[in-house]
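*Asks:* Please find one structure pasted underneath; my questions will follow.
The values are calculated or read from the model by the stated rules, or taken from the named source; none is laboratory data. As the structure is a computational prediction, the values presented were derived from the model and not from experiment. Note that we place each Cβ from the backbone using ideal geometry, even for glycine, and neighbour counts take in every protein chain shown.
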Amino acid sequence: MRIVYRFVMMLAAITMFSEANGARAAELSAGPALASYRPKPEQVAKLEIYPSQVRLRGWHDAAQLIVTATLTDGRLQDLTGDVTYTVSQANVVRVSPSGMVTPLNDGAVEITASFGPHQARVQVLAEKVHENLPINFGNQIVPIFTKYGCNSGGCHGKISGQNGFRLSLLGSDPELDYMTLVKESRGRRLFLAAPEKSLLLLKGTGQLPHGGGKRLEVGSDEYNMILRWIVAGTPYGDPKDPVVVRISVYPERRVTTRYNRQQLAVYAHYSDGTVEDVTRRAQYETNDVEMASVDFTGLVTTMGQAGEAAIMIRYQGHVTVFRATVPLGLPVPNYTFEPKTIVDHYTLAKWRQLGLMPSEPASDEVFIRRAYLDITGTLPSVEAVRAFLADKDPKKRDKLIDRLVDSEEYAYYFALKWADILKVKRRNIPQRAQGTFAFHSWIKDSLAQDKPYSQFVREILCAVGDDRQSPPVFWYTEIQTPEQFVDDVAQVFLGTRINCAQCHHHPYEKYSQDDYWGMAAFYARVGRKNVVSLGTPVQNQNQARLAIFNRPTGTVTNKRTNQPAVMKPLDGNPVICGPSEDPRAKLVDWMTDPKNPFFARAVVNRYWAHFFGRGIVDPLDDMRETNPPTNPELLDALARDFIEHGFSLKHLVRTICKSRTYQLSAVPNDFNKHDKQSYARYYPKRMSAEVLFDAVSVVTGSPSTFPGMPSDRHGASRAIMLPDEAFQSYFLDVFGRPQRLSACECERVNEANLAQVLHLLNSQEIHDKLSRPGGRADRLANDPRPDAEKIEELFLLALGRRPTPEQLQLALQTIERRGPQNKKQAYEDIIWAIINTKEFLFIQ
Amino acid sequence: MLTIWGAAQRFCDGITRRNFLKIGAFGAGLTLADLLRLRAAAKSAGKTSLPNKAAIMIYLPGGPSHMDTYDLKPNAPAEFRGEFKPIKTNVPGIEICEYFPLQAKLMDKMAIIRSIVSVDEHSDSLVMTGYPERISRVTNHPSFGAVISKLRSTVDNPVPAFVSLRGMSRGTEPGFLGIAHRPFTPSGPGLQNLRLPGAVSLERFEDRRALLHSFDSLRREIDASGTAEGMDAFTQKAIDMVLSGNVRRALDLSTVDPATRERYKGVEQFLTALRLIEVGVGCVTLSIGGWDTHSNNFTTLKRQLPQVDKGVANLIQDLYDRGLDKDVLVVMWGEFGRTPKINNSAGRDHWAPVMSALVAGGGMKMGQVIGSSTERGERPKDRPCTVSQVLATLYTAMGIDPGMTFLNGAGRPVHLLDDRQVLTELLG
């Protein structure tokens, strides 16, 4: 399935490529011709072949050549698939047009790659071509199953196997695979007397009906390898045989152009120091189909977008990544951009590298609405907008940000964000409300007083007592097992998803089950019990509250070894913890250490994504070696600055929002209009459910009430202030309020859908808000001021700008046509139209 | 405990499974990348379009007795076989309960599975998601209908993809596919939104549209994510839907000819389901009766079986008459079978080791019985299969690979079904 999926991804990418090619080429006709990446011979200064020499050992060995031209302007251009190869002795080796060298006979030859007048040469030694070298099952047979998808999660790799035949997922357990193939089902899968009649080969090649179809060609190298392994008596290999310790790729990085190609070569490094070319057997996957695609053979094709592309490469449980920087490649006019906060240094450097030009700075109208909505989840009042527009102070934007960060709404708005991923959930259990309210309130207060983030996390993870003494204990209501503890700690606080490693080696990561259970072990001594509130009868279990305490002993079993897991943080050293110590505290010590590679990066990336709509690593909680940041220097600088400022979240918000980058307009120019990852402009986003709900309430002048919530001026009926998920609202659900099922921000959906649109356009709820006596339409209808002034006020409130003359005219006409007795109705219709505009729904 | 038609379902554990939340949301479907992927997949499979078959899932809450419906055992001892007699159907060799005379005439248009193993759990989770509630509560596997919704919701399709005529339950939840794929429940706000609020005349609505058109000065090109563009498309569709009222009319049976209405008298929701499918809904789920017959099994069934017969037989006949039998698939089942041995209260208790299901249409092979149970209806005898495998077969018949993956909240690709060996007899 995995393979099929990837295949489909590739197809999609190809489709987009061809469509994009036509459309964008026309669009960018001002730029250089995009027809070919291939240079003219006179543009080539030098031609080189990697590796400098090739040694092929055994008939199944093969080497991928990488031919690189240095152009006269200094750029490097891959020409692996474009040169002509000649071999000094044709019967020794064969070279495919894509640069793959395979042996035919023993001997030493020279391969020449020619491109016009340019030539490059490489010496090739082929040896032991006709000898049967010993085969190692784990090193040579298992990777075939991985490459052809046999052991993928959709097929024989799933835990129950497929039609009675199970392989370990992605070859993570060669011993199990060996037992299954050779011993299980009385050895029926392999037929030593007539190896080519083995069920494994007959099914894999589709000669016998096979649910997974034909995976292998008869006579292919892989087929021959399996065949020879059976002929040799299905050896497992010497236990002292070397194992793969890491893989590498050549090249690791390249600056290339759009619609260009790059062949990759992948090497497995063994424990005995030998290196093997595994280009044919490795698996490739692109991180972003709009940036680049990659095929089965490791040939990368860049797309029409400028930015950073990453290709993940996997082999035998090891991963590495190839990264390409793809500049736009159009002549950029001179522009200056004066950095303001550290953010700007690194975004600017990236734009220069990619040939992008940032948009203009956003206008004051746009900026005040954006800052209010992004920092406080609240529309600015008409007075605030008017005052800001009139203010002549050059520092007024900085001052506004300082004010907003210290407002109560800031704390509420970010508490909502944290409460989502900390799963502050009532689950229809009324007794839980005390806990959810207390925990939410604690989060909000922590943010309001700018408690250092490291301290905030420590108080949650190390919580003891019941949720009245210590509200963060409530977190443990939803975290009940070591597995939930690891998954949530990793995803929320370390920005990495290691859930896969619970049951098998992580397919996109270096982490194994031992890494997973090493983290789980920190939960081992968490004690839980239900305590009864004072003054209530013991029998009344409904009144019982969760209390968390530390036990002096306790272990978590590593599922792989069935032994007690050793406490070990990710990429860290094993931790010893005395009986009176709290292992969780040790974990937090490791997390909050300034040298920790995950902790600060995870939170700055999360906050960055809040403001820019996309993380520097995206998805924002999926940080891993194979999913590199689009701007690593920016991420590092932000993390460093955050740590240096005492883990201050308010400082982080100020650093981001005061940057010129954040204050760019969303309106694109010719250079950045396709940019989605370099922040060369502001990416507009739809208001989230709660923010929109509140905004609609304000504009219609018709606040709502939520049962059980106070309705005074401060605690009011604002959706961003709701402590848990239990407040029923069709509006909030339909606009994507999460149910707090997962620790992923992705649970909150901001996509458009039909039901949302229908609700805003046509629901009784909106209609009631519009027509409510004492609501805004009613008040405006009875307000003696001239209509033009009132309409201007409406626009300022809802959209942060004044109406255009045409818009004003149309609104006035509507009022006039309806006549004085239907004035309220006219205002209802005007407000209805305003709240249904995309301009209202979007923060831009 | 007996159940009452139309009322909230109460089961023997005393818990009322009310519709715990009424909400209908539909539409938010595929991202652009998803869509391109699917289109490319369809193209590579030689198909020109996305899967467009539809499904009607009939749920018999409480768990109907297999031995008194589709798997009678006339030769079993009296304390097992019960009161009902089997009757012949129009397919030689297949017999069903005497209270199913209408279906007996249509056996060539239906198939029965008699060897399904279930779990002892009063929940529609297993038959709707493929996973029992105790698992799905943690893993949040999506409902069959939510999957259809995810795959079918594009702006091209201005009707809800998934409709529940039985409110919300664990088994209708979209799980990790996201709240947007909850079924549309034609009651509450979801239904109201289909008609203009009382005070808004059509004329006034047109005025509003003119204002909206003028006020919206957001430039679409500033949003590269496509959300703004999607919003425009949805706005157009939503307005069309309100003004044309196609879904609203499908739900309004007063316009149906009297003869048809008479045929569905008392089981109108079957007709509603059919009409919703006809306007383009991808999956409709409904429930009928209460089948948790711990006592007075036969009295209850005598009342309920003819109703089920009427509903499902008319539905299947109409699907054939309208030429929809290849494109619409029907499945009817409960959560488990009932004890083969009759208890002291003339009832039958929960029995998960074996149950039966009815399937029809969807281009599957009809007129057959798959699997069998032992002489006294206690266990599968031939061809045991699981609920998940039956669902895998239904997905496959709909053109959906049950092995396809969606990312869950932890970013892990999760297959629609883990246990997905199909019943090849049905797919032919």
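*Asks:* Among the residues in region A:685-692, are any closer than 19 Å to A:Lys838 by Cβ, buried (at least 22 other Cβ atoms within 10 Å of the Cβ), among the polar types (S, T, N, Q) and within 14 Å of another protein chain (Cβ to nearest Cβ)?
*Replies:* yes
*Asks:* A follow-up question, please. Return the pairs, sorted by first residue and then second, in which the second residue is among the charged types (D, E, K, R) and crowded, with 24+ Cβ neighbours inside 10 Å, the first residue lies in region A:745-772 and is at the interface with another protein chain (Cβ under 7 Å from one of its Cβ atoms) and farther than 26 Å from A:Ala415 by Cβ, the beta carbons are less than 7 Å apart, and the residues are 6+ apart or on different chains.
*Replies:* A:Ser771/A:Glu828
*Asks:* Name the helices (runs of 4 or more DSSP H) wholly within region A:168-240 that hold at least 1 residues that are over 39 Å from the mean Cα position of the chain (by Cα) and aromatic (Phe, Trp, Tyr)? Give the derivation first.
*Replies:* Numbers: elements: A:174-178, A:199-204, A:221-231.
Hits in region A:168-240: A:221-231.
Let's see how each residue does on (1) more than 37 Å from the chain's Cα centre (by Cα); (2) farther than 13 Å from A:Thr700 by Cα; (3) facing chain B (nearest Cβ under 8 Å):
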residue	(1), (2), (3)
A:Gln807	yes, yes, yes
A:Leu812	yes, yes, no
A:Glu816	yes, yes, no
A:Pro820	yes, yes, no
A:Lys823	yes, yes, no
A:Ala826	yes, yes, no
A:Ile834	no, no, yes
A:Lys838	no, yes, yes
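For (1) of a type in the set (Lys, Arg); (2) within 30 Å of A:Asp622 (Cβ to Cβ); (3) crowded, with 20+ Cβ neighbours inside 10 Å; (4) modelled with pLDDT of 85 or more, each residue gets a yes or a no:
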| site | (1), (2), (3), (4) |
| --- | --- |
| A:Pro707 | no, no, no, no |
| A:Gly715 | no, no, no, no |
| A:Gly736 | no, yes, yes, yes |
| A:Arg740 | yes, yes, yes, yes |
| A:Asn750 | no, yes, no, no |
| A:His759 | no, no, yes, yes |
| A:Asn762 | no, no, yes, yes |
| A:Asp768 | no, no, no, yes |
| A:Pro773 | no, no, no, yes |
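*Asks:* Also, I was wondering about something else. Can you tell me which of A:Tyr662, A:Tyr730 is under 30 Å from A:Pro594 (Cα atoms), crowded, with 19+ Cβ neighbours inside 10 Å, outside the structural domain of A:Glu290 (by TED's automatic domain parsing) and not charged (D, E, K, R)?
*Replies:* A:Tyr662
*Asks:* Right, here's the next one. Name the residue that is surrounded by the most Cβ atoms within 10 Å (Cβ to Cβ), counting only residues in region B:321-356 that are in contact with a strand residue (DSSP E or B) (Cβ under 8 Å, 6 or more places away or on another chain) and among the hydroxyl-bearing types (Ser, Thr, Tyr).
*Replies:* Of everything passing the filter in region B:321-356, B:Ser356 is surrounded by the most Cβ atoms within 10 Å (Cβ to Cβ).
Let's see how each residue does on (1) of a type outside the set (Gly, Ala, Ser); (2) part of a loop (DSSP other than H, G, I, E, B); (3) buried (at least 20 other Cβ atoms within 10 Å of the Cβ):
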site: A:Val101; (1), (2), (3): yes, no, yes
site: A:Asn105; (1), (2), (3): yes, yes, no
site: A:Val122; (1), (2), (3): yes, no, yes
site: A:Ala126; (1), (2), (3): no, no, yes
site: A:Asn139; (1), (2), (3): yes, no, no
site: A:Pro143; (1), (2), (3): yes, no, yes
site: A:Cys150; (1), (2), (3): yes, yes, yes
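Quick grid of which residues meet (1) modelled with pLDDT of 95 or more; (2) surrounded by fewer than 19 Cβ atoms within 10 Å (Cβ to Cβ); (3) of a type in the set (Lys, Arg); (4) under 21 Å from the mean Cα position of the chain (by Cα):
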{"site": "A:Glu459", "(1), (2), (3), (4)": "yes, yes, no, no"}
{"site": "A:Gln484", "(1), (2), (3), (4)": "no, yes, no, yes"}
{"site": "A:Leu494", "(1), (2), (3), (4)": "yes, no, no, yes"}
{"site": "A:Asn499", "(1), (2), (3), (4)": "no, no, no, yes"}
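*Asks:* Can you tell me which residue in region A:274-299 is nearest to A:Ser248 (Cα to Cα), limited to those that are of a type in the set (A, V, I, L, M, F, W, C) and under 18 Å from the mean Cα position of the chain (by Cα)?
*Replies:* Looking at residues that are of a type in the set (A, V, I, L, M, F, W, C) and under 18 Å from the mean Cα position of the chain (by Cα), I get A:Ala292.
*Asks:* Still on this structure, please answer the following. Give the residues of region A:543-577 that are surrounded by fewer than 17 Cβ atoms within 10 Å (Cβ to Cβ), more than 27 Å from A:Glu509 (Cβ to Cβ) and at pLDDT 90 or above, sorted by residue number.
*Replies:* A:Phe549, A:Arg551, A:Pro552, A:Thr553, A:Gly554, listed by residue number.
*Asks:* Here is a follow-up. For region B:219-272, name all the residues that are over 28 Å from B:Arg204 (Cα atoms), among the charged types (D, E, K, R) and assigned to a helix (DSSP H, G or I).
*Replies:* Of everything in region B:219-272, those that are over 28 Å from B:Arg204 (Cα atoms), among the charged types (D, E, K, R) and assigned to a helix (DSSP H, G or I) turn out to be B:Glu221, B:Arg261, B:Glu262, B:Arg263, B:Glu268.
*Asks:* If you don't mind, another one. Tell me, yes or no, whether region B:333-353 has at least one residue that is of a type in the set (Asp, Glu) and either farther than 20 Å from B:Asp68 by Cα or within 14 Å of chain A (Cβ to nearest Cβ) (or both).
*Replies:* Looking for residues that are of a type in the set (Asp, Glu) and either farther than 20 Å from B:Asp68 by Cα or within 14 Å of chain A (Cβ to nearest Cβ) (or both), one finds none in region B:333-353, hence no.
*Asks:* Given the conditions (1) surrounded by fewer than 17 Cβ atoms within 10 Å (Cβ to Cβ); (2) within 7 Å of chain A (Cβ to nearest Cβ), which single one is not true for B:Met231?
*Replies:* Tallying (1) surrounded by fewer than 17 Cβ atoms within 10 Å (Cβ to Cβ); (2) within 7 Å of chain A (Cβ to nearest Cβ), B:Met231 fails exactly one: (1).
*Asks:* A further question follows. Taking region B:314-329 as the search range and keeping residues that are over 16 Å from the mean Cα position of the chain (by Cα) and assigned to a helix (DSSP H, G or I), which one is farthest from B:His66 (Cα to Cα)?
*Replies:* B:Asp321
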